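Heads up: the structure comes next, in structure tokens.
Read the figures in this text as sums done on the coordinates, not as results from a lab. Model, not experiment: these values are computed from the prediction. Positions of Cβ are backbone-derived with ideal geometry, glycine not excepted, and every protein chain shown enters the neighbour counts.
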Amino acid sequence: MKDTRAASFVPSRMSHASNIVFCDGPDSPHAFDIVPLQPRKGELDARCPVCRGHGEWNTEIDLVSFRCKRAICDRCLGAGWVETGTDPIAHPDIEMTAEGYPKWVTHYEPRDDAAST
């Protein structure tokens, strides 16, 4: 005789309360909820004027569970700080090697070019 108890058991989904808020940008009221400030990396760095030192902001956040989706700041490339001196700006990137494999590299932009992004 075949046991049908396991076949008839269907687990129910666990629902939870949620209050999802969508943020239009860094000026939205909940844009920086639970987003920490990024550590400062240099003597001449200043907080990014766009993300105010966070490097990213929430685009969507559930105010009950605090699950969120985030956007990286285009001005500081997620660092949270911008260079105020004349040093070139370093940012990580991925390039393909001659053999066709991805490789992490660091690109350097002059300060003036980085300020226009």
Non-local residues with an amide H under 5 Å from the amide H of V21, with H modelled 1.01 Å from N and Pro and chain starts lacking one, are I61, D62, L63
Residue-by-residue Karplus 3J(HN,Hα) for the range 46-60, coefficients 6.51, -1.76, 1.60, Hz, glycine and proline x:
10, 4, 4, x, 8, 9, 6, x, 8, x, 7, 8, 6, 9, 8
Could you give me the ³J(HN,Hα) list for the range 92-98, computed from phi with Karplus coefficients 6.51, -1.76, 1.60 and θ = phi - 60°, whole Hz, x at Gly and Pro?
x, 8, 10, 10, 8, 7, 4
Protection proxy ranking of 48-58, 67-77, 86-96 - average other beta-carbon atoms within 10 Å, highest first:
48-58, 67-77, 86-96
Cα gyration tensor shape of the range 50-103, rounded if a/c is under 1.5, else prolate or oblate by comparing a/b with b/c:
oblate
Measuring from label point to label point, each 7 Å out along Cα→Cβ, what is the R67 to R47 span in nm?
3.1
Can you tell me the length gained on complete extension of the stretch S18 to A90, counting 0.36 nm per residue apart and subtracting the Cα distance?
21.9 nm
Give the long-range amide H neighbours of C51: residues separated by 5 or more places, or on another chain, with amide H under 5 Å away, using H modelled in the peptide plane at 1.01 Å from N.
none
Residues whose modelled amide H sits under 5 Å from the amide H of F32, counting only those 5 or more places away in sequence or on another chain, are N58
